[in-house]
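Down below is the structure, laid out as structure tokens.
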Amino acid sequence: MGKSKTVLPQNSTDRMLFTFMIVGIPFAAVWLGCVVLPHYHDTINTTVVLHITAAAFIFYNIFHNILLVIRTDASGRTSYLPSVLKPGWRYCAICQVNYPPRSYHCHICDECILKRDHHCKFTGCCIGYHNHRYFLIGILYVFIGAVYGIYYQWDYVYSTINLPVIYFFMTLLAPHFALLFGAISLWGVLVATLHTLGLITLLMVSYLLVMQVKAICLGQTQYEMKHGIHDYNLSLYQNLVDVLGRRWKIAWVSPFINSPLKGDGINFLKANEYELPKDI
């Protein structure tokens, strides 16, 4: 694994989206815990403790996986890259090094990334061979948190807006119009706006998660999926191991569970070179 790097993105757009993320996720946790939860429970009981524990577990995994996505160096700066251009390799005139197949230069990060998947604007860095595990599990927990939060607060939102179903959904889309006509209060506008933002977040992360899972199951990066490259589709098992590591079955529990990757981010087996292991 490469050396760590700074957390704050260098690109202005990335910084804006990064700020939205690191402010929005903790705010959502505080909102659910301090506003929505008291709507259902007057005292601390077993159910409350279970909700708090579940929320803490989800937040823990979101925060630390995102942190490791950013702090893990996805480039090949610490890898041994030969001075002689090998077959199938490319020379990067910007980095002035030879880079292996599946690696590409990112003009935002201004460096070549090993097994580059894409540039994530919310974290301000590229997703590649060394940090793909943390990105995948991070967005998985964002998805779980969004589903959990939207479902949990639904009754609170509906009772706060307190309108017939058709007008309720119209209010979620345009709460300012409902305020203008006196249908809801300012507090109702805030509740409707936050719920709509939650729904938008869920839709966005659902699409991202589906695209990631689809590409990983087929042994592809996002670039390879867009360009129809299937050279590295070994098997479903091996494709999962290549991203999540040898302990992929429990790697989702915590980002600090050691799950070493089998390769080095430079050499990759192709589908016609791979034989399915007999012990799986």
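Any read-out appearing in this document is the output of simple, stated calculations on the displayed coordinates, not a laboratory observation. These numbers were taken from a predicted model, which means no experiment stands behind them. Backbone-built Cβ (ideal geometry, glycine too); neighbour counts: all protein chains shown.
A few comments on the model shown:
- Between ASN45 and ASP231, the simple label model (points 7 Å from Cα in the Cβ direction) yields a spacing of 6.1 nm.
- Segment 113-258: relative contact order as a whole-number percent, Cα under 8 Å and 6+ apart: 23
- Percentage relative contact order, segment 12-273, counting C-alpha pairs under 8 Å, at least six apart: 17
- Projected label distance in nm at TYR207 and ASP155, using a 7 Å step from Cα toward the beta-carbon: 3.3
- Checking [x] 72, 43, 33; [y] 62, 52, 35; [z] 46, 41, 38 against the coordinates, the calculated Cα extents along the principal axes in Å falls under label [x].
- Here the chain is treated with +1 on each Lys and Arg Cβ and -1 on each Asp and Glu Cβ, and its dipole about the Cα centre works out to around 680 debye.
- Sorting the segments 71-78, 90-97, 152-159 by their residues' average number of neighbouring beta-carbon atoms within 10 angstrom, most packed first, yields 71-78, 152-159, 90-97.
- Other residues with beta-carbon under 11 Å from the beta-carbon of ILE108 carry, at +1 per Lys or Arg and -1 per Asp or Glu, a net charge of -2.
- Segment 43-193 shape via C-alpha gyration tensor axes, a/c threshold 1.5: prolate
- Our estimate of slack between LEU163 and LEU8, defined as 0.36 nm per intervening residue step minus the Cα-Cα distance, is 51.5 nm.
- Each other residue within a Cβ distance under 14 Å of LYS121 adds +1 if Lys or Arg and -1 if Asp or Glu, for a net charge of -1.
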